[in-house]
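Step one of this worksheet: look at the structure below.
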Amino acid sequence: MTKDYKYKVTVGMPVYGVEPYIRKCMLSVLNQTFSEDIEIIAVDDLGPDKSVEIIKELQATHPRGKNIRILTQPHNMGCWAARNRVLEEAQGEYIFLVDSDDYISEDCIEKLYSQAIANDAEVVYGSVLPVNLQGDIIDIGQDFLNQPFLVINEKDGLAKFANKSVHPTLRDFIWNILIRHDFIEKNNIRFKKARFNDDMICSCDMVPLVSKAVLIPDYTYYYVIRDNSLSNYQHRKTIKLDEIKEFIRIYTYLKEKCLELKDKPYFETRCTKGLILMFFMICGALKNRNRIQPELGNKVIKDAMRHPLSLLDILKFKNHKIINLGFYLIGILPSALSVYLIKFIGKKKHLL
């Protein structure tokens, strides 16, 4: 490391409207077994409740409270901007992001940091345990949250692991990853403006840049599943079309990222996964189409499924050629026929 950092680790979190959860989250960070001081940055995004008052209480009363730094945004800017504030203000050699309605294991930082130092890692991923509000373990059908022990030390190594199959093998959340500060600055890693899923975009940008990574099977993060999250359409009477269009904008970015990766050994799989992700999202929208206001038109759906590559490019594929030709066809058919084909396939796959 060429720069001297004040702390070994900075833990950062956006804070907005998390009054029922922030104490548990903050205490899980304050009570870490890690022997060194941890800098804790809470970015106040000017929420409507008493989340920040709870943090100030812990700041004044907890033995490690002096390490809490509250940064106040100039106005409500969103999670992406709060996370960027952490990256810009952090004084730690490594940075760890946590969502303020989740919490971490008491040995989280100790385990991740020891692996980072032992392997000179740019990133260290812990495994994730989904829980409900009562702390009970729940199955959300995402087996890739449970990781093997794996040390990666080669160019494109992490991206090859993430794209060894069209099925998810590496999560695309940015939390529960210990990231080396100088790696972030060297690659100018920042969160792009988005209403939600900014972590997916950031992960999409970061993973191809990683050469030294460690994955561990230890559960270091408790991912709290709540019924009222944005993605839980089943609990809402109406869904705004603008929200669906924002999902499409974000997933289009993820889909088209493959255009920057044409020379990579995992390119064909990465391209396929981007289209599968968009297809799943579109099926979710179609399943709830009668609740979307104003109406979600066929052309918007067809355009979302447009393949980023030319037919000639796809015909050169050695892997996943048939599925990509299918996606290409969906993107060039008349809108009504395109949507009909999506529905037909979606029903076959039990997505609709």
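The values are calculated or read from the model by the stated rules, or taken from the named source; none is laboratory data. This one's a predicted model, so the numbers in the text were calculated from it and none came from an experiment. With ideal geometry, Cβ positions are generated from the backbone for all residues, glycine too; neighbour counts draw on all protein chains shown. We work out accessible area using only protein heavy atoms, side chains counted, and drop any ligands, DNA or RNA first. Shrake-Rupley method; radii C 1.70, N 1.55, O 1.52, S 1.80 Å.
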message: Suppose we keep only residues that are more than 18 Å from the chain's Cα centre (by Cα) and open to solvent by less than 20 Å² (accessible area, probe 1.4 Å) within segment 157-182. Which one would you say is farthest from residue 104 (Cα to Cα)?
response: 157
field: Exclusive hit being part of a strand (DSSP E or B), more than 15 Å from the chain's Cα centre (by Cα) and among the β-branched types (Val, Ile, Thr), set 95, 140, 109, 117
entry: 95
message: Pairs please, first residue from segment 296-309 and in contact (Cβ under 8 Å) with a residue 24 or more places away in the chain, second anywhere and open to solvent by 50 Å² or more (accessible area, probe 1.4 Å) and among the aromatic types (Phe, Trp, Tyr), Cβ atoms under 9 Å, 6+ apart in sequence or on different chains.
response: 306/328; 307/328; 309/328
- prompt: Of all the residues that make up segment 312-348, how many are outside any helix (DSSP H, G or I) and under 15 Å from residue 285 (Cα atoms)?
  reply: 0
message: Restricting to segment 58-73, count the residues that are crowded, with 16+ Cβ neighbours inside 10 Å and either part of a strand (DSSP E or B) or among the hydrophobic types (A, V, I, L, M, F, W, C) (or both).
response: 4
message: Between 259, 215, 170, which is over 30 Å from residue 112 (Cβ atoms) and not β-branched (Val, Ile, Thr)?
response: 259
Members of segment 317-352 found to be of a type in the set (Ser, Thr, Tyr) and either touching an Asp or Glu at 6+ places or on another chain (Cβ under 7 Å) or open to solvent by 70 Å² or more (accessible area, probe 1.4 Å) (or both), listed by number: 340
- request: Please work out if residue 314 is open to solvent by 50 Å² or more (accessible area, probe 1.4 Å) and either modelled with pLDDT of 95 or more or hydroxyl-bearing (Ser, Thr, Tyr) (or both).
  value: no
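Of the residues 309, 286, which single one is part of a loop (DSSP other than H, G, I, E, B) and open to solvent by less than 60 Å² (accessible area, probe 1.4 Å)?
None of the other options fit; the residue is 309.
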query: Out of (1) at pLDDT 95 or above; (2) over 29 Å from residue 43 (Cβ atoms); (3) surrounded by fewer than 15 Cβ atoms within 10 Å (Cβ to Cβ), the odd one out for residue 152 is which?
result: (3)
task: Can you confirm whether segment 282-300 contains a residue that is modelled with pLDDT of 95 or more and in contact with a Gly (Cβ under 6 Å, 6 or more places away or on another chain)?
output: yes
task: Note down all Cβ pairs under 9 Å where the first residue falls in segment 41-69 and is touching a residue at least 12 places away in the same chain (Cβ under 8 Å), the second is assigned to a helix (DSSP H, G or I) and of a type in the set (Asp, Glu), and they're at least six residues apart or on different chains.
output: 41/89; 43/89; 65/57; 69/89
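Select from segment 263-283 the residues that are of a type in the set (Phe, Trp, Tyr), part of a helix (DSSP H, G or I) and either farther than 21 Å from residue 310 by Cβ or touching a residue at least 24 places away in the same chain (Cβ under 8 Å) (or both) and list them in ascending order.
Listed by number, the residues that qualify are 279, 280.
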message: So the check is Cβ under 9 Å with 6+ separation or different chains; which pairs have a first residue in segment 152-167 that's within 18 Å of residue 179 (Cβ to Cβ) and of a type outside the set (S, T, N, Q) and a second one that's at pLDDT below 95 and open to solvent by 30 Å² or more (accessible area, probe 1.4 Å)?
response: 162/168; 162/172
